[in-house]
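Chemist: Below is one structure. I have some questions about it.
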Amino acid sequence: MSGGSIDAQMSAEWNGVLNGLREEVGEAAFQSWLKPMTVREIANGMARVSVPTRFMKDWVVAHYADRLAELWSAANAAIKQVEIFVQADYGQSEGGVAAKTRAAASPSAPAVKPVQTARSAGQTPTAFRPVVDGGSDISAPLDMRYTFDNFVVGKPNEFAYAAAKRVAESATAQFNPLFLYGGVGLGKTHLMHAIAWKIREQDPARTVIYMSAEKFMYRFIRALREQNTVDFKEQFRNVDVLMIDDVQFISGKDSTQEEFFHTFNALVDQGRQIVISADKSPSDLEGIEERLKSRLNCGLVADIHATTYELRLGILQSKAERTGVTVPQKVMEFLAHKITSNVRELEGALNRVAAQASLVGRAITLETAQEVLHDLIRAHDRRVTIEEIQKKVAAHFNIRTSDMHSARRARSVARPRQVAMYLAKQLTSRSLPEIGRKFGGRDHTTVMHAVKKVEELRESDATFAEDVELLRRMLEG
Ligand code: ADP
Ligand code: MG
């Protein structure tokens, strides 16, 4: 408890803040969540506090961080921001104030900064996410948890994983571009960050830019407005690896696409590595120019499929291990069985179960898990299948269910079939190609057309709109 920039006064101040919180949250929560915190560094108005596990971090951020920051800056106006991050070696300081340490996950010890990018709703507040700078002025921060080591490999993602690993480990451009695609929450961003971490670890001299397509666009637009597109281009000129996440975002944004296309070509020509992610394959991306699509298709296209039961179980086991929570096998099987949508939701479910158990100070059991996830599981159980939709729609329009798969084109069967495709798109998380396959192996463009057609008809034909609404309500139950 000595040295560094954190002196005795700071220590007293911290204890004061903690005691304030202790009074507000009670002894049990204090012992579980607040006591393990360690102040690591205070600089430029930012206090950095570590907790031993990721799980703890999530919980503290979600429940106490705001109040902690409030109390702290009330005690010391110089503290403007508090960042919670994970560092496993607490204990040496008995939950007190530690000496100033270089807090980082890897030996290359990059500086830690709060996140500046907006994240999707439902995530932890951005100011408190443990991230580090991407290594370049314009690169977005990288999440410390998103490494190859923390990525669980299974059938659905082994190809994407292998490709990402290969790109990260090669000194020269491998497949250009590497195009990763898959549904939401399946690990695209995780893999991209992992590539960046790996490259940094192996060769810190290589510059890597990671950013979302959205950010690319905003920066480009700003450059246009401020008339310094030359500077904008310059920023990308010397980059060794450029990674653009969620490229579907620039669908229909023509001038951004144009700029991206040029940046892309210039870098590929110089043999620099490009990694792209999207929610669809290049060919399925809508609103993207053909020439860009064909360039995107030129390298290696790797998709991440929906999770399997085995992968979900593997992820749960790995996560429980890493966070040091004891979760009975039965509970993990239950979660892997019930939470099938994506990895993000799966992680959320495990966090909830663990948090509950920790709060009431009891071990996790199947019963408590069921209870805690009650609402979530109901929502999942209610999820309709395409088969159900086909059956209900066929019955409603008085046609045979087999006509949903048949090649018959008569209006009397084609229209109900389109309605069923439309409802499948609305009520399930299946992709257009998947839906097409379930309807007698039809092409995804047929499904797209059906969706459009039904939308049009709903606008123009009130009776039809009512029919569709009725069916939807019936299916949603
Ligand atoms: P996407 O970018 O595809 O929407 P993310 O990369 O953000 O998905 O992943 C969502 C969450 O799930 C992240 O917390 C990520 O670490 C986790 N995740 C996804 N796939 C895996 C995996 N195979 N192993 C471990 N964690 C995973
Ligand atoms: Mg993502």
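Chemist: Would you confirm whether or not the stretch 291-299 contains a residue that is within 16 Å of ligand 2 (Cβ to nearest atom), among the polar types (S, T, N, Q) and modelled with pLDDT of 90 or more?
Modeler: No, the conditions are met nowhere in the stretch 291-299.
Chemist: Only residues that are buried (at least 16 other Cβ atoms within 10 Å of the Cβ) and of a type in the set (S, T, N, Q): list them for the stretch 189-236, please.
Modeler: T189, T207, S212, Q235
Chemist: Is at least one residue of the stretch 455-471 open to solvent by less than 60 Å² (accessible area, probe 1.4 Å), assigned to a helix (DSSP H, G or I), without any contact (Cβ under 8 Å) to a residue 40 or more places away in the chain and within 30 Å of V327 (Cβ to Cβ)?
Modeler: no
Chemist: Could you tell me how many of the residues in the stretch 306-327 are open to solvent by 20 Å² or more (accessible area, probe 1.4 Å), at pLDDT below 95, more than 16 Å from ligand 2 (Cβ to nearest atom) and not charged (D, E, K, R)?
Modeler: The qualifying residues number 5.
Chemist: Looking at K215, K198, which one is more than 12 Å from ligand 1 (Cβ to nearest atom) and either out of contact with any helix residue (DSSP H, G or I) (no Cβ under 7 Å at 6 or more places or on another chain) or outside the structural domain of V247 (by TED's automatic domain parsing) (or both)?
Modeler: The match here is K215.
Chemist: Next question. Need a quick list: helices (runs of 4 or more DSSP H) entirely within the stretch 266-362 having at least 2 residues that are within 21 Å of the chain's Cα centre (by Cα).
Modeler: So the answer is 309-323, 329-338, 343-360.
Chemist: Ok, one more. Which number in (1) surrounded by fewer than 18 Cβ atoms within 10 Å (Cβ to Cβ); (2) in contact with a Gly (Cβ under 7 Å, 6 or more places away or on another chain) marks the one condition that E333 misses?
Modeler: With (1) surrounded by fewer than 18 Cβ atoms within 10 Å (Cβ to Cβ); (2) in contact with a Gly (Cβ under 7 Å, 6 or more places away or on another chain) applied to E333, the lone miss is (2).
Chemist: Here is a follow-up. Just for the stretch 199-214: of the residues that are without any contact (Cβ under 8 Å) to a residue 60 or more places away in the chain and not in a loop (DSSP other than H, G, I, E, B), which one is farthest from the chain's Cα centre (by Cα)?
Modeler: Restricting to residues being without any contact (Cβ under 8 Å) to a residue 60 or more places away in the chain and not in a loop (DSSP other than H, G, I, E, B), the top hit is Q202.
Chemist: Would you call F232 at pLDDT below 95 and touching a Phe, Trp or Tyr at 6+ places or on another chain (Cβ under 7 Å)?
Modeler: Judged against the criteria, F232 is a match.
Chemist: Report, ordered by the first and then the second residue, all pairs with beta carbons closer than 7 Å, sequence separation of six or more or different chains, a first member in the stretch 425-441 that is under 19 Å from R400 (Cβ atoms), and a second member that is open to solvent by 70 Å² or more (accessible area, probe 1.4 Å).
Modeler: F439/H405; G440/H405; G440/A407
Chemist: How many residues are more than 16 Å from I377 (Cβ to Cβ) and within 10 Å of ligand 1 (Cβ to nearest atom) if we restrict to the stretch 321-343?
Modeler: Here the count works out to 2.
Chemist: Further question on the same structure: Among the residues of the stretch 382-410, write down those that are without any contact (Cβ under 8 Å) to a residue 60 or more places away in the chain, in a helix (DSSP H, G or I) and open to solvent by less than 70 Å² (accessible area, probe 1.4 Å).
Modeler: Of everything in the stretch 382-410, those that are without any contact (Cβ under 8 Å) to a residue 60 or more places away in the chain, in a helix (DSSP H, G or I) and open to solvent by less than 70 Å² (accessible area, probe 1.4 Å) turn out to be I386, Q390, A394, F397, T401, S402, D403, M404.
Chemist: Scan the stretch 161-188 for residues that are surrounded by fewer than 19 Cβ atoms within 10 Å (Cβ to Cβ) and either touching a Pro at 6+ places or on another chain (Cβ under 9 Å) or part of a helix (DSSP H, G or I) (or both) and jot them down.
Modeler: Answer for the stretch 161-188, where residues must be surrounded by fewer than 19 Cβ atoms within 10 Å (Cβ to Cβ) and either touching a Pro at 6+ places or on another chain (Cβ under 9 Å) or part of a helix (DSSP H, G or I) (or both): A162, K165, R166, E169.
Chemist: Would you confirm whether or not the stretch 443-453 contains a residue that is among the basic types (K, R), within 22 Å of L186 (Cα to Cα) and under 31 Å from the mean Cα position of the chain (by Cα)?
Modeler: no
Chemist: Now for a different question. Quick one: V413 ticks every box in (1) part of a helix (DSSP H, G or I); (2) touching a Gly at 6+ places or on another chain (Cβ under 7 Å); (3) open to solvent by less than 70 Å² (accessible area, probe 1.4 Å) bar one, so which box is it?
Modeler: Condition (2) is where V413 drops out.
Chemist: Let me ask something else. Going by the structure shown, is V275 among the β-branched types (V, I, T), modelled with pLDDT of 90 or more, within 16 Å of ligand 1 (Cβ to nearest atom) and surrounded by 18 or more Cβ atoms within 10 Å (Cβ to Cβ)?
Modeler: Against the criterion (among the β-branched types (V, I, T), modelled with pLDDT of 90 or more, within 16 Å of ligand 1 (Cβ to nearest atom) and surrounded by 18 or more Cβ atoms within 10 Å (Cβ to Cβ)), V275 qualifies.
Chemist: If you go through the stretch 297-320, how many residues are farther than 18 Å from S431 by Cβ, hydrophobic (A, V, I, L, M, F, W, C) and away from ligand 1 (no atom under 11 Å from the Cβ)?
Modeler: Matching residues across the stretch 297-320 total 4.
Chemist: Would it be correct to say that S283 is polar (S, T, N, Q) and free of Cβ contacts under 8 Å to residues at least 24 places away in the same chain?
Modeler: yes
The values are calculated or read from the model by the stated rules, or taken from the named source; none is laboratory data. Quick caveat, the model's predicted, so the values are computed rather than measured. With ideal geometry, Cβ positions are generated from the backbone for all residues, glycine too; neighbour counts draw on all protein chains shown. Protein only, heavy atoms only, side chains kept; ligands, DNA and RNA dropped before computing areas. Shrake-Rupley method; radii C 1.70, N 1.55, O 1.52, S 1.80 Å.
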